[in-house]
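Q: Before we start, here is the structure in question, set down as structure tokens.
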Amino acid sequence: MSKLLSIIIPLYNSAQWLPKCLNSALCQDVDEEQLEIICVNDGSPDNSADIVRQYQARHPQSIVLLEQENQGTSGARNNGMRHATGKYLCFLDPDDFLQPNVLGVLTKRMEEEQLDMLRFNYQIVDENYNHIEKRQFEKDFDYSSQLMTGAEFLANRLDIACHIWKYMYRTETITKKGIWCFTGDYFDDTPWLPMVLMNAKRMDICNTVVHNYQERSDSLVKAKTLKAVRRQNDGFILLLRLLKEEMCVLQGGESHRENMRALATLAIPDETLEKILQWYNMIIAHATVALLTNVAVKDYQSCESVINQVKELGINHLSSHNALTINKRKINLYNLSPYLLYKAIRLKHKMYKAY
């Protein structure tokens, strides 16, 4: 039986946070008969699946548990999307939680405006669930309502943060063209989100706070060991490759990747497409600077290899369009020489550690 709303939650070593997450998903203004909470156990070694089973026993109509061998967050999300029966879809990580009674209001708006996507507001919390102040670019985001296409939103409103959980989606907007997440340990939603946006015919924005995002000191993005840092570096390189490939397809090139086919048949006005390509260049610049910063601070031995990989992708000049002020200086150094940027960051880091 199809549902009104599916919530996809990937699970891996999630037991500590999962009860709060599940309670928040259940505490919504959506009838349980119309709600589908899909928990995807990604080969987790802890008792996350057992916790879900306990909730499933009390809420058999609304909680679904899928089991799979470890494929990473993106693989778990893809599995959840393929099994989703909800007309609408949203994503929730197991260490995050939702505000009470907000999703029903969003689904009503999706219905009334016949939307394919709806962007909403969020809060950041620490490990003790205390609120953390947003970064400046997050504070600057414009939450004023404006009905538009997803391509127009991408061209004019999207910033550098491409989080999959900041939106409610019409499920078929994703599944009809098979726009699945790219598998990888890091940044899987960054190349995925613009593809979904460009396939969304109707989109709006609301200022309702829906999601509570938890910043954890042990999160995947805060890699500390050399092995984890190098996996993160590989994630940056993959991200840059995918972004470059998406740009190529948008400019009339071809790709053998199944996901990219969702871009090949799009009819985007030239003016909008030009702005979208500017957005891609902005993200590529941001990711390249972040990668070289990561190498200079945490893995200086990989400098030569990483810079060569970036050059092989044809990233020889970075755009400063819409760049953060701190990044503009780094972009200018990179454009003189990637090694100059690396050395400047390395020197600054060594001076900082000396104090």
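Q: Going by the conditions given, is N212 farther than 23 Å from L277 by Cβ and either in a helix (DSSP H, G or I) or open to solvent by less than 80 Å² (accessible area, probe 1.4 Å) (or both)?
A: Criteria met by N212.
Q: I need every pair where a residue in the stretch 312-339 that is under 23 Å from Q301 (Cα atoms) has its Cβ under 8 Å from the Cβ of a residue that is open to solvent by less than 50 Å² (accessible area, probe 1.4 Å) and of a type in the set (S, T, Y), sequence separation at least 6 or different chains.
A: I315/T288; K330/T293; I331/S319; Y334/T288
Q: Please specify each residue of the stretch 152-170 satisfying the condition of being assigned to a helix (DSSP H, G or I) and either of a type outside the set (A, V, I, L, M) or touching a strand residue (DSSP E or B) at 6+ places or on another chain (Cβ under 9 Å) (or both).
A: Going residue by residue through the stretch 152-170, those that are assigned to a helix (DSSP H, G or I) are 152-156, 164-166.
Hits for the stretch 152-170 are E152, F153, N156, I164, W165, K166.
Q: Something else now. Quick check on my filter: what residues within the stretch 171-204 are within 16 Å of I8 (Cα to Cα) and either in contact with a strand residue (DSSP E or B) (Cβ under 6 Å, 6 or more places away or on another chain) or assigned to a loop (DSSP other than H, G, I, E, B) (or both)?
A: Of everything in the stretch 171-204, those that are within 16 Å of I8 (Cα to Cα) and either in contact with a strand residue (DSSP E or B) (Cβ under 6 Å, 6 or more places away or on another chain) or assigned to a loop (DSSP other than H, G, I, E, B) (or both) turn out to be T171, I179, W180, C181, D188.
Results for (1) closer than 16 Å to I284 by Cβ; (2) touching a Phe, Trp or Tyr at 6+ places or on another chain (Cβ under 9 Å), shown as yes or no for each residue.
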| site | (1), (2) |
| --- | --- |
| M148 | no, no |
| L158 | yes, yes |
| M168 | no, yes |
| N199 | no, no |
| L250 | yes, yes |
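Q: Which of (1) farther than 22 Å from Y280 by Cβ; (2) out of contact with any helix residue (DSSP H, G or I) (no Cβ under 6 Å at 6 or more places or on another chain); (3) hydroxyl-bearing (S, T, Y) does T325 not meet, given it meets every other one?
A: (1)
Q: Could you please let me know if L266 is assigned to a loop (DSSP other than H, G, I, E, B) and closer than 27 Å to T175 by Cα? Break it down into steps so the answer makes sense when it comes.
A: Working: assigned to a loop (DSSP other than H, G, I, E, B): yes; closer than 27 Å to T175 by Cα: yes.
It is true that L266 is assigned to a loop (DSSP other than H, G, I, E, B) and closer than 27 Å to T175 by Cα.
Q: With the requirement that a residue be closer than 17 Å to W165 by Cβ and either in contact with a strand residue (DSSP E or B) (Cβ under 6 Å, 6 or more places away or on another chain) or open to solvent by 10 Å² or more (accessible area, probe 1.4 Å) (or both), what does the stretch 1-22 give you? Write out each step before concluding.
A: From the stretch 1-22, those closer than 17 Å to W165 by Cβ are 5-12, 14, 17-18, 20-22; that's our starting set.
Listed by number, the residues that qualify are L5, S6, I7, I8, I9, P10, L11, Y12, W17, K20, C21.
Q: Scan the stretch 274-286 and tell me whether some residue there is more than 23 Å from L238 (Cβ to Cβ), assigned to a helix (DSSP H, G or I) and more than 22 Å from the chain's Cα centre (by Cα). Show your work before the answer.
A: Applying the first criterion (more than 23 Å from L238 (Cβ to Cβ)) to the stretch 274-286 yields 274-275.
From the residues that got through so far, the ones that are assigned to a helix (DSSP H, G or I) too are 274-275.
Narrowing further to those that are more than 22 Å from the chain's Cα centre (by Cα): 274.
Yes, that holds for at least one residue.
The values are calculated or read from the model by the stated rules, or taken from the named source; none is laboratory data. On a predicted model such as this, the values are computed, not experimentally measured, just so you know. With ideal geometry, Cβ positions are generated from the backbone for all residues, glycine too; neighbour counts draw on all protein chains shown. Accessible surface is based on the protein model in full, side chains and every heavy atom, while ligands, DNA and RNA are left aside. Shrake-Rupley method; radii C 1.70, N 1.55, O 1.52, S 1.80 Å.
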